[in-house]
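The values are calculated or read from the model by the stated rules, or taken from the named source; none is laboratory data. What you see is a predicted model; the values in this text were computed from it and never measured. As a convention, Cβ positions derive from the backbone with ideal geometry for all residues, glycine included, and neighbour counts pool all protein chains shown. With ligands, DNA and RNA removed, areas are computed over all heavy atoms of the protein, side chains included. Shrake-Rupley method; radii C 1.70, N 1.55, O 1.52, S 1.80 Å.
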Amino acid sequence: KTISSPGYIMVATGTGIAPYRGFIRRLFTEDTPAGAVYKGQAWLFLGVANSDALLYDDEWQKVKEEYPKNFRLDYALSREQENKKGGKMYIQDKVEEYSDEIFNKLENGAHIYFCGLKGMMPGIQDMLKGVCESKGVDYDEFIKGLQSKKQWHVEVY
């Protein structure tokens, strides 16, 4: 049996990457029932200060090489990259770069997860509000819809 999942979007800052390490291993590198049938796409966003702080990059690159259709990876390096406004590239800026694609995935049933420092959530929420406004979508209703369908997952500290 094959599971054709609409996918997972995983957003992390710093050590918030740890839960995704296990999740991605179970989907792609370990011999698990879930991994054997999963054919969707897992998309990982990691925000850190600079490339020296990238956690588990060797593992992510290996999965990306072995499963190019099923695993995507994007980094937000706040001290090395600039956002579209010329400021520091924070995690919300990197996610916003792909907002149309992410909204499409969410509308088609993808799950979005946030793990890491709780300080990322106001920036994420402000960015999503702006994207919703640009699309003529009510932000509060959009988030409530994701929550009611169990697609919105927040584990921050």
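If a residue has to be within 24 Å of residue 29 (Cα to Cα), open to solvent by 90 Å² or more (accessible area, probe 1.4 Å) and among the acidic types (Asp, Glu) to count, how many in the stretch 40-97 make the cut?
So the answer is 3.
Taking the stretch 68-98 as the search range and keeping residues that are hydrophobic (A, V, I, L, M, F, W, C) and more than 12 Å from the chain's Cα centre (by Cα), which one is farthest from residue 129 (Cα to Cα)?
Ranking the candidates gives 77 first.
Might you check whether a residue that is of a type in the set (S, T, N, Q), assigned to a loop (DSSP other than H, G, I, E, B) and in contact with a strand residue (DSSP E or B) (Cβ under 7 Å, 6 or more places away or on another chain) occurs anywhere in the stretch 26-41?
Yes, the stretch 26-41 has at least one match.
What number of residues within the stretch 144-157 are surrounded by 16 or more Cβ atoms within 10 Å (Cβ to Cβ) and either without any contact (Cβ under 8 Å) to a residue 12 or more places away in the chain or over 21 Å from residue 117 (Cα atoms) (or both)?
Number satisfying all stated conditions: 1.
Within the stretch 114-143, track down each residue that is more than 19 Å from the chain's Cα centre (by Cα) and either without any contact (Cβ under 8 Å) to a residue 12 or more places away in the chain or outside any helix (DSSP H, G or I) (or both).
Those that are more than 19 Å from the chain's Cα centre (by Cα) and either without any contact (Cβ under 8 Å) to a residue 12 or more places away in the chain or outside any helix (DSSP H, G or I) (or both): 133, 134, 136, 137, 138, 140, 141.
Going through the stretch 1-46 one residue at a time, which ones are within 18 Å of residue 99 (Cβ to Cβ) and not aliphatic (A, V, I, L, M)?
Correct list: 6, 7, 8, 41, 43, 45.
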